[in-house]
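Here the structure comes first, spelled out in structure tokens, and everything after it is commentary.
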Protein chains: 2
Amino acid sequence: MVLELRNRALLLDRDDELAHCRNRFRLPDGLIYLCGNSLGAMPAGIAERLARSVTDEWAEGLVKSWNTAGWIELPRVTASHLARLIGADPECVAVTDSTSVNLFKVLSAALALNPGRRRIASERDNFPTDLYIADGLVRFLGGRHELVLVDHPDEIGPALDDRTAVLMLSHVNYRTGRLLDMKRITELAHAAGALAIWDLAHSAGAIEVDVTGCNVDFAVGCGYKYLNGGPGAPAFLYVSHRHAAQASQPLSGWFSHREPFAFDPAYAPAAGIARFHTGTPPILSMVALNEALNVWRDVDMAAIRRKSVALTDLFIEAVERLCPQLRLVTPRDPQLRGSQICLSTPEGGHAIMRALIAHGVVGDFRAPDILRFGFAPLYNRFEEAVRAAEILADILERETWRQPEFQIRERVT
Amino acid sequence: MVLELRNRALLLDRDDELAHCRNRFRLPDGLIYLCGNSLGAMPAGIAERLARSVTDEWAEGLVKSWNTAGWIELPRVTASHLARLIGADPECVAVTDSTSVNLFKVLSAALALNPGRRRIASERDNFPTDLYIADGLVRFLGGRHELVLVDHPDEIGPALDDRTAVLMLSHVNYRTGRLLDMKRITELAHAAGALAIWDLAHSAGAIEVDVTGCNVDFAVGCGYKYLNGGPGAPAFLYVSHRHAAQASQPLSGWFSHREPFAFDPAYAPAAGIARFHTGTPPILSMVALNEALNVWRDVDMAAIRRKSVALTDLFIEAVERLCPQLRLVTPRDPQLRGSQICLSTPEGGHAIMRALIAHGVVGDFRAPDILRFGFAPLYNRFEEAVRAAEILADILERETWRQPEFQIRERVT
């Protein structure tokens, strides 16, 4: 049984149209890294590029590097590379700040565009920071607005009415890997007169995303997961062309000004997406993200999706055959999931993950009972999917995870 | 005359108690860098530290580096190193986001602590992004608040009354180098029942700052000027102990949560200063700032101030003797200025600065007529102050700046 899975994986790896992309990353020998949905692996060019930025640009070029090394243009250039990965016009994307800060901006902008309405609709199971930001905004606006949370995707449609200003959802759920139908749900929002904001943190770089085709109003996303921009990489945001001229956001720092270097005491927003910037961008982190996006240069996002589905299909099959103790939390239908597989365990989740990591398979654990495995189509191999399932099966069978060293409770990000 | 100045400079350099600190930076040979008030020079350990963070921590350690490499603690550790430089308790400082975003947070917090009042007082000549952020906040809160700007520091006191919620000022003016009396003005604000927010962008690392002794309520500041954290380095904010328990800010992302990794859908602010964080911090930029703060390890801030005053005194004297065409904009009294000298010129300011840069003296130009020279006591030498004045005098005397290559209009940050 295992042999058949292994052989199939080898054939899939042999025929993998993205196999050559693995060499664009530096991964530790022998490690099966299935945590690119938390922190993406390091693209090979990063160390050299950062060394150059530090030594040639900062130390030697000093302040003039804002112009001569293109630092001032770097957020815009980085956004233009990122745009294709989410199906956006480059002029609609900004790379700036963190996902949380960016969500605050687009949520503020959306509420201002729909002033007669007071409700923000979302899912209770949305990524917590998204809910915290909405909560912070509601409190800040004096409690006149309201955050309405549903417990199941089927309740999203019924929750939308003429009180709903904005629907704010994650495209792929961080805990379950469930993928929402962005196009259909955005239509529901628009039919109710609401605007739609999508958090693409777990979908950008993992599956095909088409914010333009789905008629999305605003989106935000993360640079350090499937985009491999490095720990805490700058995040991005998307604003549809149709809102570009009217949209405004309250974090109107000098990098959002029409002429930041005119030092005019009066504020005037930049004409385009630049009005969604705020302060001076963190150039070293931006350089890493910019370099990281090079790995996508010739990659077709449809190929990413095909490989993601095949990888996760194979992993599901292997786990279900080898680890019957575990329950698949992620939808089995590939149309309903992103590029991560979540499994629940009746006991010992955290210890199982610690044992797995000790045995060279890196996923992560989400309380109370979920083992998460992210599959990054650019660098994960089919052979890894099968081997990870084998190692997991072995840990469960031998109850390795009951060993005292795996019982320590410790924060895992 | 020049010889006497040069000799004096050599003696001052010989006796400089901070002379050994220059070797802690990598500066291009022969360059006189007087732009540390815009982008600080690179501390020598940065390249090696970043290379380690990228290669060992990110590429090899991957996601576990949040714990094993201390990434998760890095903002707190960095804040604790920074605190001393501004006279703050480490528990009152957060290193996070940009100065603009941080100002939005503390301004929001201050308004919420003074709910019966609707005015934000500031100076028209404050750094523009500070005004833009206040403007964005006022617009966002529905126009019930008002930004009141004064044209001269003497008008600050009279502008404060029982309508003033917050007084928001820059400690050192970015364009003129003028230093405000933080203690006295904070007292004026408190006497009027207002809270005081200080922007330390041009004072932290440049002069002695004592936010505790001055009874400051909130402060923000910049990591990439005199703190040498690298282009767009993370910024900082300060919240007085007396506001710690009540203060709240609307950008309440997961890094401000009491238990970010509990993934609780309900928001609960962290107990201390951590509630002023927002999203995932940009680790590579944070690593650079953290490393950069090592250069201060044994540095007495009183010595910084002594050297800053001596350096700028010497530069003023040299410029006034050698360049009579220029007018000193910065106050002559060292008690009234920070660590930068601003000179106005009747004509050709931008071209003069371009010619200066071409001749190895880096300052910057601020429209319409100001030549700015920042003096970083950790790495600038007295000999450089005199040589810069000599080169400037030569450019003015020969009218080198009228050469066509210096007439090109180009953005200088």
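The values are calculated or read from the model by the stated rules, or taken from the named source; none is laboratory data. Values in this document were obtained by computation on a predicted structure and should not be read as measured data. Please note: Cβ atoms are built from the backbone with ideal geometry, for glycine as well, and neighbour counts cover all protein chains shown.
Exactly one residue out of A:Ala44, A:Ala51 is within 7 Å of chain B (Cβ to nearest Cβ) and surrounded by fewer than 21 Cβ atoms within 10 Å (Cβ to Cβ): that is A:Ala51.
Is it true that A:Thr164 is closer than 23 Å to A:Asn215 by Cα, outside the structural domain of A:Pro368 (by TED's automatic domain parsing) and at pLDDT 95 or above? So A:Thr164 passes the test. Taking the criterion of being in contact with a strand residue (DSSP E or B) (Cβ under 6 Å, 6 or more places away or on another chain) and in contact (Cβ under 8 Å) with a residue 60 or more places away in the chain, the residues of the stretch B:107-118 that qualify are B:Ala110, B:Asn114, B:Arg117. Comparison of B:Ser80, B:Ser65 shows that the only residue that is part of a helix (DSSP H, G or I) and in contact with a Phe, Trp or Tyr (Cβ under 6 Å, 6 or more places away or on another chain) is B:Ser65.
Of all the listed residues (B:Leu18, B:Leu3), the sole one being more than 14 Å from chain A (Cβ to nearest Cβ), at pLDDT 95 or above and surrounded by fewer than 20 Cβ atoms within 10 Å (Cβ to Cβ) is B:Leu18.
Could you please find all residues in the stretch B:104-153 being more than 24 Å from A:Pro115 (Cα to Cα) and at the interface with chain A (Cβ under 7 Å from one of its Cβ atoms)? The answer is B:Arg124, B:Pro128, B:Thr129, B:Leu131. Scanning the stretch B:338-349 for residues that are surrounded by fewer than 24 Cβ atoms within 10 Å (Cβ to Cβ), touching a helix residue (DSSP H, G or I) at 6+ places or on another chain (Cβ under 8 Å) and closer than 23 Å to B:His202 by Cα yields a total of 1. Looking across the stretch A:194-253, the residues that are within 14 Å of another protein chain (Cβ to nearest Cβ) and not in a loop (DSSP other than H, G, I, E, B) come down to A:Asp199, A:Val220, A:Gly221, A:Phe236, A:Leu237. Does A:Leu284 satisfy the criteria of being part of a helix (DSSP H, G or I), in contact (Cβ under 8 Å) with a residue 12 or more places away in the chain and more than 7 Å from every other protein chain (Cβ to nearest Cβ)? No: the conditions fail for A:Leu284.
Examine the stretch B:292-307 for a residue that is of a type outside the set (Lys, Arg) and within 11 Å of another protein chain (Cβ to nearest Cβ), and state whether such a residue exists. The answer is yes, given that some residue of the stretch B:292-307 is of a type outside the set (Lys, Arg) and within 11 Å of another protein chain (Cβ to nearest Cβ). Of the residues examined, A:Leu5 is not one that is in contact with a strand residue (DSSP E or B) (Cβ under 7 Å, 6 or more places away or on another chain) and assigned to a helix (DSSP H, G or I). Considering every residue within the stretch B:21-41, establish whether at least one is assigned to a helix (DSSP H, G or I), within 22 Å of B:Gly338 (Cβ to Cβ) and not basic (Lys, Arg). Within the stretch B:21-41, one or more residues are assigned to a helix (DSSP H, G or I), within 22 Å of B:Gly338 (Cβ to Cβ) and not basic (Lys, Arg).
A single member of A:Ala376, A:Ala288, A:Ala274, A:Ala268 is under 20 Å from A:Met42 (Cβ atoms) and assigned by TED's automatic domain parsing to the domain that holds A:Pro234, and it is A:Ala288.
In the stretch B:154-170, which residue that is within 27 Å of the chain's Cα centre (by Cα) and of a type in the set (D, E, K, R) is farthest from the other protein chains (Cβ to nearest Cβ)? Restricting to residues being within 27 Å of the chain's Cα centre (by Cα) and of a type in the set (D, E, K, R), the top hit is B:Asp154.
Residues that are over 21 Å from A:Lys64 (Cα atoms), among the aliphatic types (A, V, I, L, M) and within 21 Å of the chain's Cα centre (by Cα) were ranked within the stretch A:259-295; the one that is surrounded by the fewest Cβ atoms within 10 Å (Cβ to Cβ) is A:Val295.
Comparison of A:Leu169, A:Leu180 shows that the only residue that is outside the structural domain of A:Arg366 (by TED's automatic domain parsing) and buried (at least 22 other Cβ atoms within 10 Å of the Cβ) is A:Leu169. Within the stretch B:38-50, the set of residues being within 22 Å of A:Lys64 (Cβ to Cβ), over 22 Å from the mean Cα position of the chain (by Cα) and without any contact (Cβ under 8 Å) to a residue 40 or more places away in the chain comprises just one member, B:Ala47. Residue-level check: of (1) more than 26 Å from A:His241 (Cα to Cα); (2) under 24 Å from the mean Cα position of the chain (by Cα); (3) of a type outside the set (Asp, Glu), A:Ile120 misses just (1).
Is it the case, given these coordinates, that B:Ser252 is over 29 Å from A:Ser65 (Cα atoms) and touching a Gly at 6+ places or on another chain (Cβ under 7 Å)? Criteria met by B:Ser252. Taking the criterion of being within 30 Å of B:Val209 (Cα to Cα) and either within 13 Å of another protein chain (Cβ to nearest Cβ) or in a helix (DSSP H, G or I) (or both), the residues of the stretch B:258-281 that qualify are B:Pro269, B:Ala270, B:Ile273, B:Ala274, B:Arg275, B:Phe276, B:His277, B:Thr278, B:Gly279, B:Thr280, B:Pro281.
Filtered by the rule that a residue be in contact (Cβ under 8 Å) with a residue 40 or more places away in the chain and either more than 11 Å from every other protein chain (Cβ to nearest Cβ) or surrounded by fewer than 24 Cβ atoms within 10 Å (Cβ to Cβ) (or both), the stretch A:54-82 gives A:Leu74, A:Arg76, A:Val77, A:Thr78, A:Ala79, A:His81, A:Leu82. The set of residues in the stretch A:122-149 being hydroxyl-bearing (Ser, Thr, Tyr) and under 21 Å from B:Leu107 (Cα atoms) consists of A:Tyr132 alone.
Quick grid of which residues meet (1) away from chain B (no Cβ under 14 Å); (2) within 26 Å of the chain's Cα centre (by Cα); (3) at pLDDT below 95:
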site	(1), (2), (3)
A:Ile352	yes, yes, no
A:Arg372	no, yes, no
A:Asn380	no, yes, no
A:Ile391	yes, no, no
A:Glu397	yes, no, no
A:Val412	no, yes, yes
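Among the residues of the stretch A:86-105, is there at least one that is in contact with a strand residue (DSSP E or B) (Cβ under 9 Å, 6 or more places away or on another chain), assigned to a loop (DSSP other than H, G, I, E, B) and more than 29 Å from A:Ala274 (Cα to Cα)? Taking every residue of the stretch A:86-105 in turn, none turns out to be in contact with a strand residue (DSSP E or B) (Cβ under 9 Å, 6 or more places away or on another chain), assigned to a loop (DSSP other than H, G, I, E, B) and more than 29 Å from A:Ala274 (Cα to Cα). May I ask you to list pairs of residues, at least six apart or on different chains, whose Cβ atoms are under 6 Å apart, with the first in the stretch B:22-37 being facing another protein chain (nearest Cβ under 8 Å) and without any contact (Cβ under 8 Å) to a residue 60 or more places away in the chain and the second being of a type in the set (D, E, K, R) and surrounded by fewer than 19 Cβ atoms within 10 Å (Cβ to Cβ)? Sorted first by the residue in the stretch B:22-37, then by its partner, the pairs are B:Pro28/A:Glu60.
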